[in-house]
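None of the figures in this text is laboratory data; all of them are computed from the coordinates on show. This is a predicted model, so every value here is computed, not measured. Note that each Cβ is placed from the backbone with ideal geometry, even for glycine, and that neighbours are counted across all protein chains shown.
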Amino acid sequence: MVANLRLPFDVDDGKDAGVFVSAIRQHGKTKLAQLLADLYIDDDCLVRVFDTSQAWNSSNIPTKVTLRQPHKIVYPSDQSIIFDISRLYLQQQRFTIQTILGTDFQTRVESPNPKLEQWIIYFFEEAQIILPNGSLRANYAQEAFRTISVGANYNLGYMLITQRPADVSTKAISRCGILYLGKHFESNDITKLKKFLGWRKYNDTHERLSSLKKREFYHFDGNKATKFRAPTYRQYRQPTEFNRPSRIRGFWGNIWYHIKDF
């Protein structure tokens, strides 16, 4: 029986626990993540999406920042944002993400009371590219892992989205307290997910995940797995491209971040 009444999601749990969303291509993982992003925004969180594949153009996030070179990053700090980094090379994408995460984290560390700051939730689209296996010790992933490990202390949360869980850092997935798992059938993916679900038998895990239809997922919160069908995503506004001001010097009234040449 597939529940279709509402999304099994508690925003407060998502802030503290971290969220993992996974399914093969064209089976609704990004649409589910967009639904969850809307719920975060409705709860007065800021959402930052690192979009490596222009998958979020149809979302309801109000502002889009298209990055064509990694040297200067300017964005409105008081808005939810899609960072379209698809035009950057992979090394540049990772460096850009590190820079944004590091800047936000240091701002929170220097805050007199970070627990009173507005929550920021980072969405890592195609997490297998940003945080692949073995990336924990890599320089390009240090800020991401700092955010994943201790970001909740500073009201910084995260969501990992992938089509290939076998290729995502195990340490990153293991820190997620909420899992949404859609259709999978590749053996390496099944083997990895089986460990986090507590389903002992490979064949049982394979049968459950491979039989899922589009937009069907298992929600796992550490105690039990519940099968549900995600509602159809409705776009009610188009993201507006942020036009960078022609002249900015450092911080401008605490409204804009300006990250200078590296």
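Which of these, Trp56, Trp199, Trp119, has the largest mean-square fluctuation under a Gaussian network model of the chain (Cα springs below 10 Å)?
Sorting by GNM fluctuation, first place goes to Trp199.
With Cβ to Cβ distances under 13 Å as the rule, what net charge do the other residues near Ala166 carry (K, R +1; D, E -1)?
Numbers: positive: Arg164, Lys192, Lys194, Lys195; negative: Asp167, Glu186, Asp189.
Result for the neighbourhood of Ala166: +1.
Against the longest alpha carbon principal axis of the chain, how many degrees, from 0 to 90 and to the nearest 10, is the axis of helix 29-42 turned?
Once rounded, one gets 50 degrees.
Given Cα pairs under 8 Å that are at least 6 residues apart, what percent is the relative contact order of the stretch 129-217?
Values: 73 pairs, mean separation 23.7, N = 89.
This gives 27 percent for the stretch 129-217.
Taking the chain as a Gaussian network, where each spring joins two C-alpha atoms under 10 Å apart, which residue of Glu110, Glu143, Glu207 fluctuates the most?
Among Glu110, Glu143, Glu207, the largest mean-square fluctuation in the Gaussian network model of the chain belongs to Glu110.
Mean residue ellipticity at 222 nm from the helices of the chain, using -39,500 (n - 2.57) per DSSP H segment of n ≥ 4 over the full residue count, to the nearest 500 deg cm²/dmol? Please report the intermediate quantities before stating the final value.
Values: 8 runs with 79 residues, N = 262.
Helix contribution divided over all residues of the chain: -9000 deg cm²/dmol.
Mind putting a number on the dipole of the chain about its Cα centre? Charges go on the C-beta only, +1 for Lys and Arg and -1 for Asp and Glu, and I need it in Debye to the nearest 20. List each step's numbers first, then the result.
Working: 37 positive and 26 negative charges, 145 e Å.
The dipole of the chain has a size of about 700 debye.
Name the long-range amide H neighbours of Val21: under 5 Å, sequence gap of 5 or more, or other chain; modelled H, no Pro or chain starts.
For Val21, the qualifying residues are Leu160, Ile161, Thr162, Tyr180.
Under 17 Å between alpha carbons, and skipping anything fewer than 8 positions from Lys115 in its own chain: which lysines qualify?
Result set, ordered by chain and number: Lys15.
Over the chain, what is the relative contact order in percent, taking alpha-carbon pairs closer than 8 angstrom and at least six residues apart? Display every interim value, and only then the final one.
On the way: 495 pairs, mean separation 80.3, N = 262.
Result for the chain is 31 percent.
Given the options Arg137, Arg25, Arg208, which has the most mean-square fluctuation in a GNM of the chain, springs set between C-alpha atoms less than 10 angstrom apart?
Among Arg137, Arg25, Arg208, the largest GNM mean-square fluctuation belongs to Arg137.
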